[in-house]
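Down below is the structure, laid out as structure tokens.
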């Protein structure tokens, strides 16, 4: 049966040297307008970054010619969808991909009726034969794949309707469920699948990937910019890549509008003392610099001095003065449009890593944080909630 | 006659006054031909919508200003019919999915797919893609947001989204990671003053700098409100000076009155009196959050410093309750009662 995979040697080789290689260089001009996230989506299993364990297991199962039902779970931007798409492409190649793979996600209607009709019909369908000699290039195993992306947003009913379908047609159909939270998949489904956990990307791999992309796209990065990207991305590679592209667009796009910008000298002046300075100075040269600040601005990260200002205002003095100072800081913060969740996150990081506070204080403060987070998610007014949080913390700081 | 707010709304990116670097960025994005999905957020009256409209104009030319209103009917899976209004030009659509409440997912799925699957009809159009502007994106249900996720990736050649929101708190992370976040901060008081004096000059009104400054301060950095107040002052007075009184909106005056009532006496009878006034406010469609917030900020200066943190705490608490509950008056009244109790016990020197 191993003859399915004439690329077995390659697979074995790559299984040993890990999956961190990335040799994606698609023709640039055609895909110019694509988001980089799509453009640099891994084309094969080997290209998938940092999920060594999962990839190894998958490649082993490939060599064994059989695929179990699969359940991929993990935080966003870790390569779940990419992995299964790459796997399907390797299995079927471009021509058979359409007839053998059904991809459904939350943007499609996925109620119980769809599971009963569309999914079942597809699962039941007999296999079409690959064209002659096609098998030499692609393994084309005798089963189809149904990909249910974002499966945790399926209703319980729809999930239970899948149960029997998965078993009955398991000879000719494999299911792959993808979700963020494995707990939202009902147990009977989860037990029918082999689970693969996708862990958040580690620094090294993410960094390498981002640097590769930057190099491919001719984007110059300021020293430390990659680290900022990774920090802002919080382990989500897609986020990091989107940030990178947006930042590159902002600084790079200035170049396009340059002839016009010269006409508006007032506007131009404004840019020049902004971070785009480098872009404006190197007329004619087509590379620009992405700075740390521009990335933070795109990611919506609040500048450190603003957060520090708020923290300083919260420090205990006489209680009344605290209120005035805090209220002013919070009003400014809200008027400047900083998102409340971001304020909470950054404040949290500052306070939790503050060594001058006692553990007891921290415990109390963290409880306030949890309460506020819940309120924000419920849609409470940001101004009042943040003000409340700040005053509560300030009160707890005063307690000794 | 149009209101000043509409009359002097900037129509092109050049005409935008404050946040020059942001305007410049939007322009370069529009001109680069590689326009990303945008998520524009900021407090109200900061100029989010104005910036979007000018950006659209930069993208497509004056054609975007010819808009018409379509009424469409969508059918849910349970065969309920939903009426839905769409503001559309040849190049863009503007929708407010939160109009249909819990069924916003249906609208998002049907409408966006339909738009995304049809190409731009106008061959002479500057861009190949259409833009869909989604208002009040922070009120979209989780389902609708989940439905957006893959649509955004899959149909990106034909479709760009611009989401407008007051805060990013309710936007799920996957959407945030797919969009370019654009923060529109409220204009500073200096910015507002500049705008006011410019508008005043164009209208031929005598300028009173002190008045402008006070308006800017009272508006809470909300330019729309500042302009409305500015117009009101000038409409009511023949001649304005630095000392002209700024007439507060009726509801604010009433809330100030409530605050005085609450401070004066702490008895059940007084709560009854306040209840009538609160009902009055609610029946005039003043949002309960606004009532609670302005009441709190009116009360704060009147009380002792030691109590302020406590009052804010309960105010935030009842605001949350208002958000979760369905009968607003309960929570407003509960806040009033709580406030009286806190104040009374403080005055009596007792600790409850």
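Just a few scattered comments:
- Listed from fewest to most Cβ neighbours within 10 Å, the set B:286, B:171 follows the order B:286, B:171.
- Residue-averaged beta-carbon neighbours from other chains (10 angstrom radius) around B:19-29: 6
- Averaged over the residues of B:165-174, the number of partner chain Cβ atoms lying within 10 Å of the residue Cβ comes to 6.
- Annotation for residue B:290 and residue A:118: the two label points, set 7 Å from Cα along the Cα-Cβ direction, are 4.2 nm apart.
- Cα-based values for segment B:9-134, radius of gyration first and Dmax second, are 15.8, 49 Å.
- Mean-position separation - Cα centroids, segment B:117-195 and segment A:310-386, in angstrom: 29 Å
- The antiparallel fraction among DSSP beta bridges confined to the protein assembly as shown stands at about 20%.
- Exposure proxy ranking, count of Cβ atoms within 10 Å, fewest first, for B:28, A:128: A:128, B:28
- On Cα atoms only, tilt of B:328-348 relative to the major axis of chain B in degrees: 40 degrees
- Label-to-label distance, residue A:181 versus residue B:344, with points set 7 angstrom from Cα along the beta-carbon direction: 4.3 nm.
- Listing A:125, B:340 from fewest to most neighbouring C-beta atoms within 10 Å gives A:125, B:340.
- Ordering of B:188-194, A:215-221, B:105-111 by packing [mean C-beta count within 10 Å, highest first]: B:105-111, B:188-194, A:215-221
- Estimated FRET transfer efficiency (residue B:282, residue A:56; beta-carbon r; R0 45 Å; 0.05): 0.10
- Peptides A:97-105, B:314-322 ranked from most to least packed by the mean count of surrounding Cβ atoms within 10 Å: B:314-322, A:97-105.
- Rounded to 10°, Cα long-axis angle of helix B:142-154 versus longest principal axis of chain B: 30 degrees
- Candidates B:284, B:139, B:331: whichever shows maximal mean-square fluctuation once chain B is modelled as a Gaussian network with Cα springs under 10 Å: B:284
- Compactness of segment B:189-236 as Cα Rg over 2.2 N^0.38 Å, two decimals: 0.97
- Relative packing of peptides A:235-245, B:263-273 - highest average C-beta neighbours within 10 Å first: A:235-245, B:263-273
- Over 51 Å [Cα-Cα, the protein assembly as shown], rounded percent: 21 percent
- Peptide-level mean, for A:337-350, of C-beta atoms on other protein chains within 10 Å: 4
- Pair residue A:363, residue A:212: separation of 7 Å Cα→Cβ label points (nm): 4.7 nm
- Crossing angle, helix B:305-324 versus chain B [Cα axis fit, 0-90 degrees, rounded to tens]: 50 degrees
- Computed over chain B, the per-residue total of -39500 (n - 2.57) for DSSP H runs of n ≥ 4 gives a 222 nm mean residue ellipticity of -16500 deg cm²/dmol, rounded to 500.
- For chain B, the relative contact order works out to 15 percent when only alpha carbon pairs closer than 8 Å and six or more residues apart are counted.
Where a number appears in this text, it was derived from the coordinates with a stated rule and is not lab data. Since this is a predicted model, take the numbers as computed values, not measurements. A quick note on method: Cβ atoms are made from the backbone with ideal geometry, for glycine too, and the neighbour counts reach across all protein chains shown.
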